[in-house]
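Participant: Okay, handing you the structure first.
Throughout, read-outs are computed from the coordinates displayed, never taken from laboratory work. For clarity, every value in this text was computed on a predicted model and none was experimentally measured. We place every Cβ from the backbone using ideal geometry, glycine too, and count neighbours over all the protein chains shown.
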Amino acid sequence: MVQAAEALLNPEIVLAELKKNAVSHVVWLPDSETNWLYLLIKAEPSLTLVTVSREGLAFSTAAGLYFGGKTPVILIQNTGLMESGDSLRGWGLGLNMPVVLMVGYRGWTRHGVTTDTAAVYVERFLNAFGITPGHRSGG
């Protein structure tokens with residue numbers, strides 16, 4: 001079953017879901033592991049790619065877009081999410097800003113082997129903020 005799920009998640013599917021859900025802006029610090037998705041989003045005329053220099057800037061950037069009437073999504077690696085804790089607290093949760101986070105789960109192999117502590121700590125980090133997968137804050 002895991003293999004079937006892995007086969008379904010590819011850059012084209014992610015791009016189609018972004019478009020299907022009327023996302024206007026993708027806020028992101030691209031990395032080498034997501035290069036194919038980056039190239040697709042960059043070439044997609046219905047999406048505006050907003051790159052940030054640090055993941056900590058993703059939440060304030062998305063907040064500005066949201067309050068300006070846009071529909072942003074944040075693509076972020078789990079290490080960057082942890083670096084963004086104060087921005088998540090202040091901009092995301094503090095303003096009750098509805099934003100979708102797509103978090104790259106660095107630190108696990110495809111076979112469930114831990115390769116660094118980022119994989120171990122990210123769920124604890126999210127739990128500390130009261131966030132669980134699929135969590136919706138507010139009403």
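Participant: Name the residues in segment 48-76 that are closer than 17 Å to Ser32 by Cα and not hydrophobic (A, V, I, L, M, F, W, C), would you?
Facilitator: Across segment 48-76, the qualifying residues are Thr51, Ser53, Arg54, Glu55.
Participant: Residue by residue through segment 77-117, note down the ones that are in contact with a strand residue (DSSP E or B) (Cβ under 8 Å, 6 or more places away or on another chain), within 18 Å of Glu33 (Cβ to Cβ) and outside any loop (DSSP other than H, G, I, E, B).
Facilitator: Gln77, Asn78, Leu81, Leu101, Met102, Val103, Gly104, Trp108, Thr114 - these are the residues of segment 77-117 that are in contact with a strand residue (DSSP E or B) (Cβ under 8 Å, 6 or more places away or on another chain), within 18 Å of Glu33 (Cβ to Cβ) and outside any loop (DSSP other than H, G, I, E, B).
Participant: Moving on to the next point. What's the number of the only condition in (1) of a type in the set (Val, Ile, Thr); (2) more than 24 Å from Gly112 (Cα to Cα); (3) surrounded by fewer than 13 Cβ atoms within 10 Å (Cβ to Cβ) that Ile13 fails to meet?
Facilitator: Exception for Ile13: condition (2).
Participant: Looking at segment 16-29 only, could you name the residues that are in contact with a Ser or Thr (Cβ under 7 Å, 6 or more places away or on another chain) and either on the phi < 0 side of the Ramachandran plot or surrounded by 13 or more Cβ atoms within 10 Å (Cβ to Cβ) (or both)?
Facilitator: Lys19, Val23, Ser24, His25, Val27, Trp28, Leu29
Participant: Turning to a different aspect of this structure: Could you check segment 25-60 and list, in sequence order, the residues that are part of a helix (DSSP H, G or I), within 16 Å of Leu101 (Cβ to Cβ) and in contact with a helix residue (DSSP H, G or I) (Cβ under 6 Å, 6 or more places away or on another chain)?
Facilitator: Hits for segment 25-60 are Leu37, Glu55, Gly56, Phe59, Ser60.
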